[in-house]
Amino acid sequence: MNKSVPILIVGGGSAGLMAALAAGRIGVPALILEKGSEPGRKLAITGGGRGNFTSMKLPDQSAFCLEENADKLLRPLSNALPPAEIRRVFAELGVSSYVDEEGRVYPKTNQAADLVEALRRGVLTSGGQIAHNQNVVKIESDGAGWVVSTDTAEYYADSVIVASGGASYPQTGSSGDSQRFFRSLDLRCRDFTPALAPLLLQKPFSPELEGISLPDAALTYRIKGRRKALDIVRRGAMLWQKRGLSGPLILNSSADFYDKDHFINGSLRLNFLPDYSLETFADVLRSYGAENPRHSVVRFLKTKLPNRLAAYLWQDCVEASSCPETLTFANLSKQMVVTVSDILFDYPLEPAQAPPLRVAMASRGGLAPSELNLRTMAVKSRPGLYAVGECVDFDFISGGWHLTFAFQSAWLAGQAAARETKI
């Protein structure tokens, strides 16, 4: 079967659906080729199924992007469709939303599936179509336009928007196909690696710590360079798991230490009390000890950290110094203060292998932004070709920013492709 369409979109996820909606809004219908039996499968599970689809924490997402020059690069996207406008688009589609205390935006129904259905309905109402079970195997130019081949058909289009996602959660259809498409066209892209993923450790903490959360900690990732080291420091909440660590701090740092160029040469150190400096902590110890000389040191640590964590770290101190477990402040030496400080402020972590992409919430990698005109998401060297969403190499922290970028980039591409169509 051969079919000719003005705009063809590869992938029916959040970006693909939004691109088709944007094109339809200005009168040009698009055809979506969806790999699976239904669109928006990853969107349907976002935010634990509640649907955190953008954030109102700041006017734009550049502060939450982990790339250099993010403000300059992302300004065209945030100007075209800021988070407030994303909410308005969904409101017009019948999905009202609310903002939680962290600025995250959810449907009032707390059902991510409502976002998918609203987009699907909007695409069809505007004249667009969704073809299911269409596995795209090749994208190539025929000189006049684009030819997209699936297992069963060939499609001809004036414009093609690649919205096939990254490589996380492959069970939802995001299996990294875009990388193959881009490389076949001699476009620069980076291998996909896990992002927003847990940290698996070679020597996990005690199982007794599983489920403990720490509201604030600091993680330093040191990358060894030829001349000097680079320290990447992030702060946030953390959660202990069976095989390692998770929580916002770990998820938002994971793209750094799972980047294959850095993983081998990097080291991780954890600071359990980032509000203190070594000097102020030593002062607090001395002051507390002067007032409570008969109190045990572990009793003091339990005033600063969760009880089980304090006991676990104190045991490390005992093993490192051979001091008694019941050591009191009356017998606390200067050397012991150094030992305690080293463990609390500079705790070494040894990462195990990177977790599989199937458990990562997002992936890092994809088409280099330098290949794109970020005002339209058009590939500079391939007229009529666009790339949007997670298949583009931008990396964001958690909280709705990956989806914000997906919607913004798709909106720009859908409208640009519609304006350039030959119809």
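The values are calculated or read from the model by the stated rules, or taken from the named source; none is laboratory data. Keep in mind it's a predicted model, so treat the numbers as computed, not measured. Note that each Cβ is placed from the backbone with ideal geometry, even for glycine, and that neighbours are counted across all protein chains shown.
Annotations
- Here the condition is being surrounded by fewer than 17 Cβ atoms within 10 Å (Cβ to Cβ) and either closer than 30 Å to Phe394 by Cβ or hydrophobic (A, V, I, L, M, F, W, C) (or both); of Ala311, Ala290, it holds for Ala290 alone.
- Pairs linking a residue in the stretch 332-352 that is among the polar types (S, T, N, Q) to a residue that is surrounded by fewer than 18 Cβ atoms within 10 Å (Cβ to Cβ) and outside any strand (DSSP E or B), with Cβ atoms under 8 Å and 6 or more positions apart or on different chains, are Gln335/Ser321; Thr339/Ala320; Thr339/Ser321; Ser341/Leu278; Ser341/Ala282.
- Qualifying residue in the stretch 50-63 (condition: part of a helix (DSSP H, G or I) and either touching a Cys at 6+ places or on another chain (Cβ under 8 Å) or at pLDDT below 90 (or both)): yes
- Unique match (being closer than 26 Å to Ser96 by Cα, charged (D, E, K, R) and at pLDDT below 95) among Glu38, Glu68: Glu38
- Screening the stretch 141-168 for residues that are of a type in the set (S, T, N, Q), touching a Gly at 6+ places or on another chain (Cβ under 8 Å) and farther than 22 Å from Asp191 by Cα and picking the one that is surrounded by the fewest Cβ atoms within 10 Å (Cβ to Cβ) gives Ser141.
- Residues that are buried (at least 16 other Cβ atoms within 10 Å of the Cβ) and within 12 Å of Leu344 (Cβ to Cβ) within the stretch 314-331 comprise Trp314, Cys317, listed in sequence order.
- Considering (1) in contact with a helix residue (DSSP H, G or I) (Cβ under 9 Å, 6 or more places away or on another chain); (2) small (Gly, Ala, Ser); (3) over 19 Å from Met377 (Cα atoms), the lone condition that Gly143 does not fulfil carries the number (1).
- From Leu268, Leu273, residue being modelled with pLDDT of 95 or more, outside any helix (DSSP H, G or I) and within 21 Å of Ser341 (Cα to Cα): Leu273
- Screening Asp177, Asp158 for residues that are in contact with a Pro (Cβ under 6 Å, 6 or more places away or on another chain) and in contact (Cβ under 8 Å) with a residue 12 or more places away in the chain leaves exactly one candidate, Asp158.
- Pairs, first acidic (Asp, Glu) in the stretch 99-117, second modelled with pLDDT of 95 or more, C-beta under 8 Å, six or more apart: Asp100/Tyr106; Asp114/Val95; Asp114/Pro107
- Some residue of the stretch 368-391 being basic (Lys, Arg) and not assigned by TED's automatic domain parsing to the domain that holds Gly173: no
- Residues that are under 18 Å from Phe396 (Cβ atoms), in contact (Cβ under 8 Å) with a residue 40 or more places away in the chain and not small (Gly, Ala, Ser), drawn from the stretch 233-249: Pro248
- Breaking point among (1) closer than 30 Å to Lys72 by Cβ; (2) hydrophobic (A, V, I, L, M, F, W, C); (3) surrounded by fewer than 17 Cβ atoms within 10 Å (Cβ to Cβ), for Ala360: (3)
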